[in-house]
Amino acid sequence: MASQADHAPAPTPPRSAAPVPVPAGHVRAVDWRQFELAEQRHAWNALAQCASEPNPFFESWYLLPALRAHDPHGTVRLLRFEIDGDLAGLLPIRREPRYYRWPIPQLTTWIHGNCFLGAPLVAAGLERPFWRALLDWADQAPGLALFLHLPHLPLGCPLHTALADVLDEQHRTAGLVHVEQRAMLQSRLPSDAYFEAALSGKKRKELRRQFARLSELGEVTLTRSRGDEHLARWTEDFLALEHSGWKGGAGSALASHQTTTRLFHEALAGAASHGRLERLTLALDDEPIAMLASFVTPPGAFSFKTAFDERYARYSPGVLLQRENLVMLDDPLIRWCDSCAAADHPMIDHIWRERRAIGRLSIAIGGSLRRTLFRQLLKAELGRNPAGVTP
């Protein structure tokens, strides 16, 4: 005989929650000077705290001083990605009449000589809506630009993956026209173990010997600071130290130009006021002989500027300083550090063994004729090895 339970109705499966639609949002191009207002900077700073990919060079305390120094007439525009009136993405952009050495107009991320990453600030989870809105804006307002160019974009991160997905869904032509691998620090090893794994026993012994010989000249000290103690003096010492070397002779030191001198002062002060600055100093009898300024933007960090006294080159003060900088690995808030160095850097590449892929992407915009011309240009640039948006 069947039990009562045999005739009981089957339980109704719970309803799955309906997916929450992501608002489309839209992009506006605005004069960057609007962000000098405190209310606008507050929204910008809040965006930086929740950004999908950290980029200190596009945070308010760095980008605004850079724009004041390099774009006093306001030719750069800030693309504001907004959802329900709230700032959810930001990218500096400019219309350029040339594409590197060719007279081809383009829309491009604004990058200057002391900006080492071109990742837009986008609220985490909104990467695809951001790219859709940006591309829609570029389609509607291309001006004379033949295409959109995104330099210094980190590859393999959620921002890049979302862009690839959007380009695929829109069947939009794009090309990865350049890739470089720069040194990165990313490991679960503690700093001491990483140092032993990265450098041979012979090299570690040589560094110990150099430190001992340097110590024979006077008292050697290593200091680290994440505050603003004596920041003005430290900044002046750094500028003088960098200018005393080959960069000063070549006219490429920060102190060689008023614009970069002012930018360095304002950027370090701004980073310190936002808790983003770390300073590291190797000194001999209280005189700095190697210095490093880094931007700390959890979960990442960026080595911004370093300098050393070339009179002590035989003791490798820059390498000794980087040995101490490996302590970044022991910070629970930091998962990786970007060297911001050129590919194949002769010093840092031998200490930091991981690599970060940085690319330049060109993307079709506008109507059919413009896109046809762009495809021909892209084909010519890539030659017989066309690339997509993945390395």
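The values are calculated or read from the model by the stated rules, or taken from the named source; none is laboratory data. Predicted model only: the values in this text are computed from it and were never measured. Every residue, glycine among them, receives a Cβ derived from its backbone with ideal geometry; neighbour counts consider all protein chains shown. To get the accessible areas, we keep the full protein, side chains included, count just its heavy atoms, and leave off ligands, DNA and RNA. Shrake-Rupley method; radii C 1.70, N 1.55, O 1.52, S 1.80 Å.
Give region 40-66 a look and list any residue that's more than 17 Å from Gly125 (Cα to Cα) and of a type in the set (Ser, Thr, Tyr), or say none.
Those that are more than 17 Å from Gly125 (Cα to Cα) and of a type in the set (Ser, Thr, Tyr): Ser60, Tyr62.
Consider region 194-238. How many of its residues are farther than 30 Å from Ala269 by Cα, among the hydrophobic types (A, V, I, L, M, F, W, C) and open to solvent by 40 Å² or more (accessible area, probe 1.4 Å)? So that I can check it myself, show each step before the final result.
Initially, region 194-238 is screened for residues farther than 30 Å from Ala269 by Cα, giving 194-218.
Then keep just the ones that are among the hydrophobic types (A, V, I, L, M, F, W, C); that gives 195, 197-199, 207, 211-212, 214, 217.
Checking which are open to solvent by 40 Å² or more (accessible area, probe 1.4 Å) leaves us with 197, 211-212, 217.
Qualifying residue count, region 194-238: 4.
Checking Ala138 against (1) within 21 Å of Cys337 (Cα to Cα); (2) open to solvent by less than 60 Å² (accessible area, probe 1.4 Å), which single condition isn't satisfied?
(1)
Give me a count of the residues in region 356-374 that are in a strand (DSSP E or B) and either within 30 Å of Ala183 (Cα to Cα) or open to solvent by 50 Å² or more (accessible area, probe 1.4 Å) (or both).
Within region 356-374, the first condition is being in a strand (DSSP E or B), and the residues that meet it are 356-364.
Among the residues that remain, those that are also either within 30 Å of Ala183 (Cα to Cα) or open to solvent by 50 Å² or more (accessible area, probe 1.4 Å) (or both) are: 356-363.
Residues that pass the stated criteria total 8.
Output the qualifying pairs, or none if there are none: Cβ atoms under 7 angstrom, residues six or more apart or on different chains, first residue in region 331-344 and in contact (Cβ under 8 Å) with a residue 24 or more places away in the chain, second residue open to solvent by 30 Å² or more (accessible area, probe 1.4 Å) and part of a strand (DSSP E or B).
Within 7 Å, the pairs are Ala343/Glu180; Ala343/Gln181.
A quick yes/no check of all residues on (1) among the basic types (Lys, Arg); (2) under 17 Å from the mean Cα position of the chain (by Cα):
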site: Arg314; (1), (2): yes, no
site: Asp338; (1), (2): no, yes
site: Asp344; (1), (2): no, no
site: Arg360; (1), (2): yes, yes
site: Ser368; (1), (2): no, no
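Being within 19 Å of Arg276 (Cβ to Cβ) and modelled with pLDDT under 95 narrows it down to one of Ala38, Ala48, Ala66, Ala43, so name that one. Break it down into steps so the answer makes sense when it comes.
Numbers: Ala48 fails: modelled with pLDDT under 95; Ala66 fails: modelled with pLDDT under 95; Ala43 fails: modelled with pLDDT under 95.
Every option except Ala38 fails the conditions.
How about region 32-68: which of its residues are open to solvent by 40 Å² or more (accessible area, probe 1.4 Å), touching a strand residue (DSSP E or B) at 6+ places or on another chain (Cβ under 9 Å) and either on the phi > 0 side of the Ramachandran plot or aliphatic (A, V, I, L, M) (or both)?
Selection gives Ala46 alone.
Quick one: how many residues across region 233-246 are in a helix (DSSP H, G or I) and in contact (Cβ under 8 Å) with a residue 24 or more places away in the chain?
Here is the first cut: in region 233-246, the residues in a helix (DSSP H, G or I) are 233-243, 246.
Restricting the remaining residues to those that are in contact (Cβ under 8 Å) with a residue 24 or more places away in the chain gives 234-235, 237-239, 241-242, 246.
Going through region 233-246 one residue at a time, the tally reaches 8.
Residues are listed down the side, and each one gets a yes or a no for (1) under 12 Å from Leu185 (Cβ atoms); (2) open to solvent by 20 Å² or more (accessible area, probe 1.4 Å); (3) assigned to a strand (DSSP E or B):
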residue	(1), (2), (3)
Leu280	no, no, yes
Phe304	no, no, yes
Tyr312	no, yes, no
Gly318	no, no, no
Gln322	yes, no, no
Asn325	yes, no, no
Ile334	yes, no, no
Ala342	no, yes, no
Trp352	yes, no, no
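Pairs please, first residue from region 128-154 and more than 17 Å from Thr173 (Cβ to Cβ), second anywhere and part of a helix (DSSP H, G or I) and open to solvent by 30 Å² or more (accessible area, probe 1.4 Å), Cβ atoms under 8 Å, 6+ apart in sequence or on different chains.
Every condition considered, the pairs that remain are Arg128/Asp165.
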